[in-house]
Amino acid sequence: MTTEHPDWGRRLSDALRAAIGRNDLAAALALARDGDGQARSLASEFLLMSRGLGITVRVLLGQLGALTPPSGAVLDGQALERDLRRLLADFRGSLEGPQEGRDSVLGDGLLGGQASDRGGESLPEVAEFTLRTLQARQQRFESEQAVAAQHVIDALLAHDAVQASHWLDRKEIHDYLPYHDRLVRFMADSFGFVLDRFGDQGLLHFHLDTAEGQRAGFEKWEKQSAAEFARTSAFLLKQHMGQLAVTEDDEKFTIVQTPCGSGGRLQIAGAYRGARPLPFVSTPGPLTLGAPRMPVYCSHCPAWNGVATMRWFGRAHWIFDHPARPDGSCTLHVYKRPEDVPAEFNARLAPA
């Protein structure tokens, strides 16, 4: 027997839009103020995701600031530092640049930002300055979210559905989506940077170090029941702005993303094509789940939610089923009993 969980894949903003669309402004007002049982309120709807991405980027900046060529490598240390400085300067420029209001910045990359290289400082100092720029941007984002949410509430109190819809769209499309997409694109560019210079094994180690820097979050998830973790996973994934459908059967929960709102939208936006395409991991192994290749951004999912959790807890958290498809879709399962996970899936997480 299969049970659908439609509310798990629906964002608070979409529930609010539906209430406004049927002219139930009282229900819309209650949602804006008190949330939907998942997001606590309209003002806080996207804060967990933005802060979570910020934690990831903080860990990445620490790793990038300490990157050096391995002993005996052909890689030029000066060239590596120069390229890293450019990557960080481009990211700062993307945070400071006037890109709000665009549908997506995923396909553009970060090149062409306004920030200059801080040549008088060490690379770790440049990474720290970049982190402070991100923290300031996050504070501004949270302020913008609170202001927009209050405008929605004020409009609903005034029975002005048009203005409520305007501010709801502004909060999500104008403010949140471009900011989210810049952080995702920086992650993708960082992974691509490491893959191009250090290869598949270097990227796997980089991913596992990044997972280690976020281990506290994974340990909280490990303590949840399968139902709690599936619901948490759905909440986090829908904040990437894809479309989710969640079902349950006797054995597992299944989350179908059409598309995945981060890696899938990167593919749809053309990030792996054009003049400066993101690379693919092209050697079958744990980063590709045994497939011939995997988009570089998507390779963090089997590494973080499979290889790392297998090492820590003896099991993969997310069991992928034909992930990172060319149309941007992706399917994953959360099994109720670890012993029911197919052995062939666990084998795909092992080194080649």
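Coordinate-derived values only; no laboratory data. Quick caveat, the model's predicted, so the values are computed rather than measured. So basically every Cβ, Gly included, is an ideal-geometry build from the backbone, and we count neighbours across all protein chains shown.
So for segment 271-352, averaging the separation of alpha carbon pairs under 8 Å that are six or more residues apart and normalising by length, what relative contact order in percent results? Intermediate values should be presented prior to the final figure.
Values: 111 pairs, mean separation 21.3, N = 82.
Computed over segment 271-352, the figure is 26 percent.
Enter the Cα centre distance for the pair segment 153-196 and segment 259-303, rounded to the nearest angstrom.
23 Å
Sort out the exposed loop GluC sites (Glu not before Pro) in the chain (DSSP loop, at most 16 other Cβ within 10 Å) and tell me the longest stretch that has none.
Numbers: sites that count: Glu100, Glu121, Glu251.
Longest stretch, sites excluded: 122-250.
Given the Cα-Cα distance of Asp154 and Ala216 and 0.36 nm per residue of separation, how much length would full extension add, in nm? Show your work: numbers first, answer last.
Working: separation 62, 0.36 × 62 = 22.32 nm, distance 3.85 nm.
Answer, rounded to one decimal: 18.5 nm.
Given labels modelled 7 Å from the Cα in the Cβ direction, how far is it in nm from Met310 to Asp169?
4.6 nm
Along the charge dipole of the chain, which of His159, Phe218, Leu237 sits closest to the positive end, that is, farthest toward it, with unit charges on the beta carbon of Lys, Arg, Asp and Glu (+1, +1, -1, -1)?
Ranked along the dipole, the leading option is Phe218.
Given Cα pairs under 8 Å that are at least 6 residues apart, what percent is the relative contact order of the chain? It would help to have the intermediate numbers written out before the result.
Values: 538 pairs, mean separation 65.1, N = 352.
That works out to 18 percent.
What is the extension gain from Glu251 to Arg276, computed as 0.36 nm multiplied by their sequence separation minus the C-alpha to C-alpha distance, in nm to one decimal? Intermediate values should be presented prior to the final figure.
Values: separation 25, 0.36 × 25 = 9.00 nm, distance 4.30 nm.
Taking Glu251 through Arg276 to full extension adds about 4.7 nm, to one decimal.
Would you kindly enumerate the cysteines in the chain that have no other Cys beta-carbon under 4.7 Å from their beta-carbon?
Cysteines of the chain left without a disulfide-compatible partner: Cys298, Cys301.
Under the 0.36 nm per residue contour assumption, what length would be gained going from the current alpha-carbon distance of Glu125 and Ser225 to full extension? Before the final figure, lay out each step's value.
Details: separation 100, 0.36 × 100 = 36.00 nm, distance 4.16 nm.
Length gained, Glu125 through Ser225: 31.8 nm.
Dipole size in debye (nearest 20) for the chain around its Cα centre, Lys and Arg Cβ +1, Asp and Glu Cβ -1? Write out the running numbers ahead of the final one.
Values: 38 positive and 44 negative charges, 69 e Å.
I would put it at about 340 debye.
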